[in-house]
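Enquirer: Pasting a structure below so you can have a look.
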Amino acid sequence: MTWMEISAVSSALAFIVLVVFMVRTLIAAKQMLHQLSVTVAQTEQQLAKTAGEAEQLLKQACQLTEDVHMQVLAIEPTIQSIEKTGAAIGDVASVLRNGTRMMNESLHGAERVVHTHQKRIQDVMEWATTGYELWQRWQANRKAKSDN
């Protein structure tokens with residue numbers, strides 16, 4: 001066997017080994033591509049399912065927001081009524097404070113008048129008591145005369 005023959009046989013064997021490795025690599029790549037395709041299909045299904053669930057959640061959130069908005073609109077007149085009631089109570093409290101202040105001033109004024117005119121008031125009370133007693137005696141006297 002000559003150099004050329006050995007080189008040709010070596011080249012042929014190397015080419016065969018290279019082809020075998022290439023075929024194995026292509027088979028492995030084909031299997032990987034198939035697995036990748038299955039994974040992509042599963043991912044697409046999961047993504048579609050997740051998108052559907054997300055859409056459903058968004059619809060529910062939208063409905064919930066709409067319900068809350070309607071409830072706020074329904075409660076708004078009540079809140080306005082409460083505000084008006086609070087203002088009215090504040091007005092009543094202000095009137096009561098002013099009335100109490102005026103009554104206190106009147107009572108203090110009356111106390112001052114009574115204190116400054118105490119002697120006169122005692123005199124008036126004595127005259128009133130005396131007048132009442134005289135009137136009672138006069139009535140008793142009249143009754144006694146009419147009975148006789």
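Enquirer: Can you tally the net charge around Gln118? Count Lys and Arg as +1, Asp and Glu as -1, for every other residue whose Cβ sits under 13 Å from the Cβ of Gln118. Let's see the in-between values first.
Expert: Values: positive: Arg112, Lys119, Arg120; negative: Glu111, Asp123, Glu126.
Net local charge, Gln118 excluded: 0.
Enquirer: So how much slack lies between Asp67 and Asp91, counting 0.36 nm per residue of separation and subtracting their Cα-Cα distance, in nm? Each step should come with its number before you reach the end.
Expert: Numbers: separation 24, 0.36 × 24 = 8.64 nm, distance 3.64 nm.
Roughly 5.0 nm would be gained on extension.
Enquirer: Where only protein heavy atoms count, and the probe is 1.4 Å, what is the accessible area per residue for the chain in Å²?
Expert: Values: 13800 Å² over 148 residues.
I get 93 Å² per residue for this part.
Enquirer: Note the full-extension length gain between Ala74 and Leu107 as 0.36 nm times their separation in residues minus their Cα-Cα distance, in nm to one decimal.
Expert: Numbers: separation 33, 0.36 × 33 = 11.88 nm, distance 5.02 nm.
Extending this stretch completely gives an extra 6.9 nm.
Enquirer: Also, I was wondering about something else. Among Thr2, Val68, Ala51, flag the residue with its Cα farthest along the positive direction of the charge dipole of the chain, charges on Cβ as +1 for Lys/Arg and -1 for Asp/Glu.
Expert: Result: Val68.
Enquirer: Under 1.5 on a/c is rounded, so check that first for segment 1-135, then, if it is not, pick prolate when a/b is larger than b/c and oblate when it is not; a ≥ b ≥ c are the square roots of the alpha carbon gyration tensor eigenvalues.
Expert: Prolate, because a/c is 1.5 or more and a/b exceeds b/c.
Enquirer: Taking the Cα atoms only, what angle lies between the long axis of helix 118-147 and the longest principal axis of the chain, rounded to 10 degrees?
Expert: The two axes meet at around 60 degrees.
Enquirer: What value does segment 20-83 have for Rg/Rh, both radii from Cα atoms and Rh as Kirkwood defines it?
Expert: Details: Rg = 27.0 Å, Rh = 16.5 Å.
That ratio equals 1.64.
Enquirer: Putting +1 on Lys and Arg Cβ atoms and -1 on Asp and Glu Cβ atoms, find which of Ala12, Pro77, Gly90 reaches farthest to the positive end of the dipole of segment 1-142.
Expert: Gly90
Enquirer: Also, quick follow-up: Relative to the present Cα-Cα distance, how much length would full extension add between Met4 and Ser81 at 0.36 nm per residue of separation?
Expert: Details: separation 77, 0.36 × 77 = 27.72 nm, distance 11.03 nm.
Full extension of this stretch gives 16.7 nm more.
Enquirer: Roughly what angle does helix 3-116 make with the longest principal axis of the chain, taking Cα atoms, 0 to 90 degrees, to the nearest 10?
Expert: 0
The values are calculated or read from the model by the stated rules, or taken from the named source; none is laboratory data. Quick caveat: nothing in here was measured; it's all calculated off a predicted structure. Don't worry about glycine lacking a Cβ; one is built from the backbone with ideal geometry, like all the others, and counts go over all protein chains shown. Surface areas here come from the heavy atoms of the whole protein model, side chains and all, with no ligands, DNA or RNA. Shrake-Rupley method; radii C 1.70, N 1.55, O 1.52, S 1.80 Å.
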